[in-house]
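This report concerns only the one structure given below.
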Amino acid sequence: MIAKHVPMRSLGKSDFAGLANYITDAQSKDHRLGQVQATNCEAGSIQDAITEVLATQHTNTRAKGDKTYHLIVSFRAGEQPSADTLRAIEERICAGLGYGEHQRVSAVHNDTDNLHIHIAINKIHPTRYTILEPFNAYHTLGQLCEKLERDRGRLAVDLDRRAGVRAAAQRRPRHGGAANILQIVGVVVADRP
């Protein structure tokens with residue numbers, strides 16, 4: 001499992017409505033869209049949830065940055081977790097980043113070899129109206145994915161892959177810039193349980 005934050009290239013493209021509409025659109029494909037859900041919203045439909053999130057975002061006039069967080073959680077090719085497992089993973093990753101109480105819309109996509117979840121998160125807290133930008137999100141997402149893989153009994157495959165990368169790196173000559181790469185790979189792999 002891999003979780004990745006997709007930053008907006010420009011503030012003008014940061015649009016919760018556009019992102020939520022994109023991730024919940026089937027795009028005339030039979031098998032693109034799976035389970036869709038709105039979390040921490042009072043609304044009964046996705047369009048109403050989008051309106052609710054935009055209203056919350058407009059209450060914070062001090063934040064000048066991006067108010068929408070786009071997250072993708074992708075699974076190995078062929079892996080098909082159940083709907084309950086997908087919901088639990090989405091919930092744990094969002095909570096781990098500090099977005100457990102934040103409004104969000106998520107959609108499962110089946111249009112590639114890797115099943116994946118797109119999550120559009122409102123960075124503005126729905127009651128405090130403060131903005132949250134997770135510190136060191138890349139590192140946090142890596143730890144969360146590893147913990148979730150371990151809990152699901154899937155970590156052995158990832159650790160075997162990492163051991164293979166380390167073995168291949170150790171076979172390379174230890175001179176020039178390669179030594180630095182080997183040290184980095186060795187530290188990353190050695191720090192894993």
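The values are calculated or read from the model by the stated rules, or taken from the named source; none is laboratory data. Remember, it's a predicted structure, so these values are computed and weren't measured experimentally. In this analysis, Cβ positions are derived from the backbone assuming ideal geometry, glycine residues included, and neighbour counts consider all displayed protein chains. All accessible areas refer to the heavy atoms of the entire protein, side chains included, with ligands and DNA or RNA removed. Shrake-Rupley method; radii C 1.70, N 1.55, O 1.52, S 1.80 Å.
What are the residues in region 111-134 that are at pLDDT 90 or above and part of a loop (DSSP other than H, G, I, E, B), if any?
In the first step, residues of region 111-134 are kept if they are at pLDDT 90 or above; the result is 114-134.
Listed by number, the residues that qualify are Asn114, Leu115, Lys123, His125, Pro126, Thr127, Arg128, Tyr129, Thr130, Leu132, Glu133, Pro134.
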Would you mind stating whether Gly78 is assigned to a loop (DSSP other than H, G, I, E, B), small (Gly, Ala, Ser), over 19 Å from Val6 (Cβ atoms) and touching a helix residue (DSSP H, G or I) at 6+ places or on another chain (Cβ under 8 Å)?
no
Output yes when any residue across region 63-72 is touching a residue at least 40 places away in the same chain (Cβ under 8 Å), of a type in the set (Gly, Ala, Ser) and assigned to a loop (DSSP other than H, G, I, E, B), and no when none is.
yes
Could you tell me which of the residues Asn21, Asn40 is open to solvent by 40 Å² or more (accessible area, probe 1.4 Å), closer than 29 Å to Gly142 by Cα and at pLDDT 95 or above?
Asn40
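Please verify whether Gln57 is more than 28 Å from Ala77 (Cβ to Cβ) and open to solvent by 90 Å² or more (accessible area, probe 1.4 Å), treating the condition exactly as stated.
Working: more than 28 Å from Ala77 (Cβ to Cβ): yes; open to solvent by 90 Å² or more (accessible area, probe 1.4 Å): no.
The answer is no for Gln57.
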Ser106: passes all of (1) among the polar types (S, T, N, Q); (2) open to solvent by 50 Å² or more (accessible area, probe 1.4 Å); (3) within 22 Å of Ile131 (Cβ to Cβ) but (2)
What do you reckon, is Gly100 open to solvent by 20 Å² or more (accessible area, probe 1.4 Å) and in contact with a Leu (Cβ under 6 Å, 6 or more places away or on another chain)?
no
Give me the residue from region 112-145 that is more than 17 Å from Thr39 (Cβ to Cβ) and polar (S, T, N, Q) and, out of that set, surrounded by the most Cβ atoms within 10 Å (Cβ to Cβ).
Thr140
